[in-house]
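Written below as C-alpha cells is the structure these notes are about.
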Amino acid sequence: MVLGGKMKRLKELYPETDQDVELKNIKINSKEVEEGDLFVCTKGVTADRHDYIDDAIARGASAAVISHDVGEKSIPLVMVEDTNKELPYLCQRFYNYPDHKLTMIGVTGTDGKTSTTTIIQTLIGSDQCGYIGTNGRSCAKFSGDNPNTTPDAHNLYKYLAEFVDYDCKYASIEASSEAFYRGRLQAMEFDISAITNITSEHLNIHGSFENYLESKLMLFKQTKKDGYSILNHDDPYYEDCKKACNGNVLSYGIGEDNDLQIQSFKLYPDHTDVVFVYKGETYSFVSPMMGDFNVYNLACAMLCCLALGFSFEELLNRVGEIKVSGRLELLDTKTPYYVMVDYAHTPNGISKLLNFVHTLNINRSIVVIGQAGERDYLKRPKVGNVVVENASYAIFTYEDPRSEDPVDICNDIVAELKDKYDNYEIVVDRRQAIQKAIDMAEENDMVLILGKGNETYQKLKTETIYFNDIEEAYQAVENRNSQK
C-alpha cells in the first residue's frame, strides 16, 4: 500500500524547482534512507542533518531539502528558510493532508496521556479511531511501533495517512510538550483537545516550568474555533488552560459546576465503582481500571467523546473493553505475591500509584525504578524521596541511561536519602534489579516495576537494546521457581 494514495513528484511539492524526480517517502535520518526517498536536512538536538547529506545520497535519496549551502550534489536540492519549520507542512502535502481527513483528538498532560488516548480509542472503537502515543500506533487493522510519544512530523503524518488508508475517521494522539517545543505539531489543528494534569516535568528541555506550561498550552491554541477543549477543573492550572483555549471549553471534576461531574467512586483491587453526572443524569457503572487517577482519565476521555456527539449509553457499552497495556498491569504470575508493571515515572504519578497500591490488601511494596539519562536531572532526587517515603522497599536501577553513566544517575536519585532512609539499595543492572525484587517478595507482597510500562527497548550509551519489563518479570518468576 502506498500511503496517501500515491507517490509524489518533487514538482508537486515544490512547483518552483527546475528539476523533477519521483519520491517514495520522507526521511530525516540518513541511516534510514532508502532508494527514492526525499531527505530533509533538519537540525536535531545534537546533529545537523546537512552534515549527512552525502550518506543519504549514497543510500539512494532522490532529492534533498536544505536550508544552507551544501555544495554541488548529484540529486536535486530544494532550498528553504528553515528545514525544521518546513518539515510538518511538507509532510502534510506529501501525505495528502491526512490530518484534514480525520477528526483530530489531542491529549496532553504530565501523567495519564497514554491511558486517556487509549480509552478514547476504545470508546469510539478501533475500527474507527487510530491511536498514536507511547504504546505505539494502532487501529483495528494493524499495530506498529512508534519511536516517540509524539513522533517527528515525517512519521506522524505517515501514521495518520495509514489511518486514512484503513478507513479510520478519528485519530487519538498523545500531544507531548516536547512535540510542541520541537515544532512537530505546528501545522496541525485539533477538533478536540484535552488535558489530564500538569506537574513539573521535562525541565531539561524547556528550561523552566513556565516554558513547560506554555508548550502544553499550545494544544489549546491550535484547537479549531468550533472545536472543544476538555479541561480538568481540579487541576491547579485549570485557569491557565482556560485562558489559552481557542474553542469551546468543557470541564470535568468533582464539583457540580462541571460539564461531567465525578460524583463518587469506590476503589477495588481489580475494578472501580464509578458515579458520573452528565446533563442532569446520573450514571453508575463499573470501570475495569484501577486507581483514583484513572477515574479522572476516564472522565476526560468520556467528555472528549461526548463532545464529538457520542451518547453516554454508547460509551458505557464499551467501558468494559478498556485495557491499557503497561499501565497498572497486574501480571498473571500464579504466585503468592503480586507483580505489577506501570509507566509511572514522575513524582506525582509515582505518589498516586503507591497511594493506591497501599489501599489494597497487600503486605510490603517493593519498587524497581530508575530515571532516564539526558533528561530532567532535578527530578531524580524528588523521585528517590517519593519512592522511599511511600514504598516499603526500593531498588534503584538504570532506565534508558543514554550517554550518561547509570551509576551516576542512581546516585542522583539517592542523593538526599543517605543517612535518612535504609529501605533502599542500588542494583544498576535492570534485569538483576527485577530478579532481586522478585526473589525478595514474600506472600501478599506487591512488586512494582515502574518507569517503562510495556516499552520494548532500553537506550544505552552506544546502542538501543530490546528489553521489556513484563517479559523480564515473568522470566524472573520462572528463575525463582526453578531454584526451588
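The values are calculated or read from the model by the stated rules, or taken from the named source; none is laboratory data. This structure is a prediction, so every number in the text was calculated from the model and none was measured. Here the Cβ positions follow ideal geometry from the backbone for every residue, glycine too, while neighbour counts run over all protein chains shown. The accessibility values were calculated without ligands, DNA or RNA, using every heavy atom of the protein model including side chains. Shrake-Rupley method; radii C 1.70, N 1.55, O 1.52, S 1.80 Å.
Just going by the charge dipole of the chain, with Lys and Arg at +1 and Asp and Glu at -1 on Cβ, which of Val33, Leu378, Tyr338 is farthest out on the positive end? So the residue we want is Val33. For the pair the stretch 103-131 and the stretch 215-281, the centres of their Cα atoms are 15 angstrom apart. 3J(HN,Hα) along the stretch 48-59, derived from phi through the Karplus expression 6.51 cos²θ - 1.76 cosθ + 1.60 where θ = phi - 60°, amounts to 9, 5, 4, 6, 10, 5, 5, 5, 5, 5, 4, 8 Hz, with x in place of Gly and Pro. Please list, by residue number, everything in the stretch 429-465 whose backbone N is under 18 Å from a paramagnetic label point 7 Å out along Cα→Cβ of Asn361. What the label zone holds, given the 18 Å backbone N cut-off, is 442-447.
Output the relative contact order of the chain, whole-number percent, from Cα pairs under 8 angstrom with separation of 6+ residues.
On the way: 1036 pairs, mean separation 49.2, N = 484.
Computed value for the chain: 10 percent relative contact order.
Protection proxy ranking, highest mean first, for peptides 303-316, 45-58, 179-192: 179-192, 303-316, 45-58, where packing is the per-residue count of other beta-carbon atoms within 10 Å, averaged.
Each of the peptides 147-154, 363-370 was scored by the mean count of other Cβ atoms within 10 Å over its residues; in descending order, highest first, they stand as 363-370, 147-154. Charge tally around Tyr296: other residues with Cβ under 11 Å, Lys/Arg +1 each, Asp/Glu -1 each, net -3. Sparse packing (at most 16 other Cβ atoms within 10 Å of the Cβ) combined with a DSSP loop state is found for the following GluC sites (Glu not before Pro) in the stretch 360-465: Glu374, Glu416, Glu442, Glu443, Glu463. Taking square-rooted eigenvalues a ≥ b ≥ c of the alpha carbon gyration tensor, is the chain rounded, prolate or oblate, where a/c under 1.5 means rounded and, failing that, a/b exceeding b/c means prolate? Oblate shape, in that a/c is at least 1.5 and b/c is the bigger or equal ratio.
Could you report the stretch 381-464's accessible area per residue, 1.4 Å probe, as an integer in Å²?
Values: 3670 Å² over 84 residues.
On a per-residue basis, the stretch 381-464 sits at 44 Å².
Taking the charge dipole of the chain about its Cα centre, with +1 at Lys and Arg Cβ atoms and -1 at Asp and Glu Cβ atoms, the residue from Ile438, His50, Tyr296 reaching farthest to the positive side is Tyr296. Distance between Cα centroids, the stretch 288-347 to the stretch 133-167: provide it in whole Å. For the stretch 288-347 versus the stretch 133-167, the Cα centre distance is 21 Å.
Give the calculated FRET efficiency between Asp408 and Lys279 to the nearest 0.05, with a Förster radius of 45 Å applied to their Cβ-Cβ distance.
Working: r = 54 Å, r/R0 = 1.20.
It comes out at approximately 0.25.
Tell me the mean residue ellipticity at 222 nm calculated for the chain from its helices only (DSSP H runs of n ≥ 4, each -39500 (n - 2.57), averaged over every residue, nearest 500).
On the way: 17 runs with 160 residues, N = 484.
Mean residue ellipticity at 222 nm (helix-derived): -9500 deg cm²/dmol.
Using the structure shown, select from Lys101/Lys216; Lys27/Lys382; Lys221/Lys323; Lys85/Lys221; Lys85/Lys216 the pairs with a Cα to Cα distance greater than 29 angstrom. Don't skip to the answer; put the middle values down first.
Details: Lys101/Lys216 24 Å; Lys27/Lys382 38 Å; Lys221/Lys323 31 Å; Lys85/Lys221 18 Å; Lys85/Lys216 19 Å.
Beyond 29 Å between Cα atoms: Lys27/Lys382; Lys221/Lys323.
In whole Å, what three semi-axes, largest first, describe the equivalent ellipsoid of the stretch 357-484 built from its Cα gyration tensor (square root of 5 times each eigenvalue)? Mind showing how you got there, number by number?
Details: eigenvalues 102, 78, 28 Å².
Each semi-axis is the square root of five times an eigenvalue, giving 23, 20, 12 Å.
Could you size up the charge dipole of the chain around its Cα centre, putting +1 on the beta carbon of Lys and Arg and -1 on that of Asp and Glu, and report it in debye to the nearest 20?
Values: 50 positive and 75 negative charges, 95 e Å.
Taking the Cα centre of the chain as origin, the dipole is about 460 debye.
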